[in-house]
Amino acid sequence: MKRFSSLIVAVSLLCLFYSQQVMGKINFNGVRAYHDLGGPYKSAVLDINKDGDLDIISAEAYDASISILFGNNDGVFDDPVYIDVGEISSDFTIGDLNNDGNPDIAVSSYNTDTASVLYGLGDGQFSNPDFYSCTDSSDLIAMGDLNNDGFADVAVGSWYGYLNVFLNNGDGTFHAAGETYVSDHLLSLAVADFNATPRMTLLSSTAGSRKTACFTEMATDRSNRPSFFPRT
């Protein structure tokens with residue numbers, strides 16, 4: 001019995017490697033490359049325009065945009081469509097920030113101290129970006145309901161160790177609600193409920209301490225400190 005799937009790899013070109021599983025072995029064939037001038041280095045798969053087909057969204061390493069390849073439900077994608085985000089993107093996260101049922105995009109930028117939010121219109125198009133100031137460069141970004149009010153919030157991390165939290169006002173706009181220093185060289189951010197409490201946990205991996213920092217609360221005066229794992 002054969003089973004077909006696809007693996008997406010983002011390099012200087014965006015390539016789709018189609019895999020074929022036969023008798024427990026996986027072989028790759030049918031490579032299709034999509035030329036991209038910006039150089040995508042992070043990609044996600046989602047039905048952006050709500051037509052039932054999966055699309056590919058990518059962060060551009062050398063251009064102030066993100067790119068979208070709209071799917072045709074046959075393994076083939078249209079040429080990239082570029083969405084201006086104002087600054088060169090370093091990370092992005094996707095979710096419904098204003099509860100209108102359309103996917104929105106929050107974008108960080110490694111060479112500025114701002115993060116941007118673009119609101120989806122439901123047809124694959126997005127609004128102009130709204131910008132939010134951070135303590136330091138906005139290298140990393142994550143999304144989740146951090147204060148249990150039913151609206152997705154945004155956390156922004158800096159390579160230099162600063163973490164900013166922006167709480168949703170209930171309409172997709174945000175206010176700065178917390179800022180703290182974690183540890184040098186933040187590598188990634190994630191938001192999830194790890195302890196079955198009403199509040200989500202914010203995780204950050206760091207190169208400086210070789211540990212994972214966990215926040216279950218975010219104070220506005222830097223008084224809170226993360227728990228580091230593994231413990232010493």
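Quick notes
- Accessible area of Tyr82 in the full protein assembly, 1.4 Å probe (Å², nearest 10): 100
- Environment charge of Asp91, counting only residues whose C-beta is closer than 13 Å and scoring Lys/Arg +1, Asp/Glu -1: -2
- Relative to the current alpha-carbon distance between Asp74 and Tyr160, full extension at 0.36 nm per residue lengthens the span by 26.6 nm.
- Derived scalar couplings between HN and Hα for region 114-120 equal 10, 10, 10, 10, 10, 9, x Hz in order, rounded to whole Hz, by the Karplus curve 6.51 cos²θ - 1.76 cosθ + 1.60 (θ = phi - 60°), x for Gly and Pro.
- Length gained when the stretch Gln125-Asp171 is fully extended (0.36 nm per residue, less Cα-Cα span): 14.7 nm
- Accessible-area value, His185, 1.4 Å probe, nucleic acids and ligands omitted, Å²: 70
- Restricted to Cα atoms, region 111-197 shows a radius of gyration and a Dmax of 13.5, 40 angstrom.
- Annotation: amide H of Arg32 within the under-5 Å range of Leu16, Tyr18, sequence separation 5 or more or interchain, hydrogens built in the peptide plane.
- Vicinal HN-Hα couplings computed from phi for region 160-174 (Karplus, 6.51 cos²θ - 1.76 cosθ + 1.60; Hz; Gly/Pro x): 8, x, 8, 10, 10, 10, 10, 8, 6, 7, x, 10, x, 8, 9
- Around the amide H of Val85, modelled in the peptide plane, lie the amide H atoms of Ser65, Ile66, all under 5 Å away and 5 or more residues distant in sequence or on another chain.
- Accessible surface calculations at 1.4 Å, restricted to protein heavy atoms, place region 49-121 at 38 Å² per residue.
The values are calculated or read from the model by the stated rules, or taken from the named source; none is laboratory data. Note that the structure is a prediction, hence the values are computed from the model and not measured. Neighbour counts are summed over all protein chains in view; Cβ atoms, including those assigned to glycine, are modelled from backbone coordinates with ideal geometry. To get the accessible areas, we keep the full protein, side chains included, count just its heavy atoms, and leave off ligands, DNA and RNA. Shrake-Rupley method; radii C 1.70, N 1.55, O 1.52, S 1.80 Å.
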